[in-house]
Amino acid sequence: MTNQDKNLQWSLLFLRLTVFLVMFMWTIDKFINPEHAGKVYENFYHIAGLESVAMYAIGVIEIIILLLFLLGYKKKYTCGAVLILHAVSTFSSFKQYLSPFDGPNLLFFAAWPMLAACFTLFLLRDQDKMLSVS
């Protein structure tokens, strides 16, 4: 394995770990504070009235996807799912990008480099072999 291959492996692993960390924290919010998660779904996805049980169910599905993603299992599907989940989150916040200096809206711009990381992991999934079960 060349130095460039090693660097790529480490880079992809670091991307996978950090994307997992962010998405894991968002998923944990569904269990710790389901009311907040429900408000997020209402504000950004226009899905109103989700009860705690629905948040828990969504959280369980996301945890399964994220753990499989972290393990590097079935990367076409797990990286694809993470990319789609984050893309929906990023694009649903479009209104915040139009007024970046109002309130905390500037923080929403951090979603774009993470979307790029998710896209990179999806495109380079076959090269992402370090600490990967597949």
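Does Thr27 satisfy being surrounded by 14 or more Cβ atoms within 10 Å (Cβ to Cβ), closer than 30 Å to Leu131 by Cβ and touching a Gly at 6+ places or on another chain (Cβ under 9 Å)?
Yes, satisfied.
Give the residue that is nearest to Phe44 (Cα to Cα), with candidates limited to residues of region 95-113 that are aliphatic (A, V, I, L, M) and surrounded by 13 or more Cβ atoms within 10 Å (Cβ to Cβ).
Ala111
Does Ser52 count as touching a helix residue (DSSP H, G or I) at 6+ places or on another chain (Cβ under 6 Å) and of a type in the set (Gly, Ala, Ser)?
Yes; evaluated as a whole, the condition is true for this residue.
Hey, can you tell me all the residues within region 50-90 that are among the hydrophobic types (A, V, I, L, M, F, W, C) and either touching a strand residue (DSSP E or B) at 6+ places or on another chain (Cβ under 9 Å) or more than 30 Å from Lys129 (Cα to Cα) (or both)?
Listed by number, the residues that qualify are Leu50, Val53, Ala54, Met55, Ala57.
Are any residues in region 23-39 more than 12 Å from the chain's Cα centre (by Cα) and part of a helix (DSSP H, G or I), and if so, which ones?
Those that are more than 12 Å from the chain's Cα centre (by Cα) and part of a helix (DSSP H, G or I): Ile28, Asp29, Lys30, Phe31, Ile32, Pro34, Glu35, His36, Ala37, Gly38, Lys39.
Within region 7-18, is there a residue that is β-branched (Val, Ile, Thr), without any contact (Cβ under 8 Å) to a residue 40 or more places away in the chain, assigned to a helix (DSSP H, G or I) and surrounded by fewer than 16 Cβ atoms within 10 Å (Cβ to Cβ)?
Filtering region 7-18 down to residues β-branched (Val, Ile, Thr) leaves 18.
Next, only the ones that are without any contact (Cβ under 8 Å) to a residue 40 or more places away in the chain stay: none.
No: zero hits.
Residue check, Glu62 against (1) surrounded by fewer than 18 Cβ atoms within 10 Å (Cβ to Cβ); (2) closer than 20 Å to Met25 by Cβ; (3) of a type in the set (D, E, K, R), all met but one. Which one?
(1)
Any residue at all in region 76-94 that is loosely packed, with under 12 Cβ neighbours inside 10 Å, touching a helix residue (DSSP H, G or I) at 6+ places or on another chain (Cβ under 9 Å) and at positive phi?
no
Quick check: is even one residue across region 51-60 within 21 Å of Ala110 (Cα to Cα) and within 18 Å of the chain's Cα centre (by Cα)?
No, region 51-60 contains no residue that is within 21 Å of Ala110 (Cα to Cα) and within 18 Å of the chain's Cα centre (by Cα).
Applying the selection to region 80-134, what residues are touching a Lys or Arg at 6+ places or on another chain (Cβ under 8 Å) and of a type in the set (Gly, Ala, Ser)?
Scanning region 80-134 gives Ser132, Ser134.
Computed from the coordinates by the stated procedures, all read-outs in this text should not be read as laboratory data. Since we're looking at a predicted model, the values are computed, not measured. Reconstructed Cβ throughout: ideal geometry from the backbone, glycine too, with neighbour counts over all protein chains shown.
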